[in-house]
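Some notes on the structure that comes next.
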Amino acid sequence: MNIKKLRNTILAGAALLLSPLVPLQAATTADILFVVDESGSMSGEHTWIGNMVTHWARQVSLVTDLV
């Protein structure tokens, strides 16, 4: 390893060690998108989809405070 590479490696390491640490925070919200097929062949599924979305939201609310 030549002197320039060694110097750059030491400087990069020092910069990492001396830089302030910023705590990371998890997201507290989420955007959810449901895509529904409105074609005739799916007409019988709309009630089921509505029930499942309601059930899904209820389940999510049991484990989070997002809903």
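Quick rundown of the values:
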{"quantity": "Rg(Cα)/(2.2 N^0.38 Å) for the range 28-67, N = residue count", "calculated": "1.42"}
{"quantity": "Crossing angle, helix 3-18 versus the chain [Cα axis fit, 0-90 degrees, rounded to tens]", "calculated": "50"}
{"quantity": "Projected label distance in nm at N8 and D37, using a 7 Å step from Cα toward the beta-carbon", "calculated": "5.5"}
{"quantity": "For the chain, projected area of the alpha-carbon convex hull averaged over all directions, nm²", "calculated": "10.2"}
{"quantity": "Helix 46-63 vs. the chain, principal-axis angle (Cα, 0 to 90°, nearest 10)", "calculated": "40"}
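Laboratory data are not the source of any read-out in this text; all were calculated from the coordinates shown. Predicted model, so just to flag it, every value in this text is computed and none were measured. Counting neighbours? That spans all protein chains shown, and the Cβs are built from the backbone with ideal geometry, glycine included.
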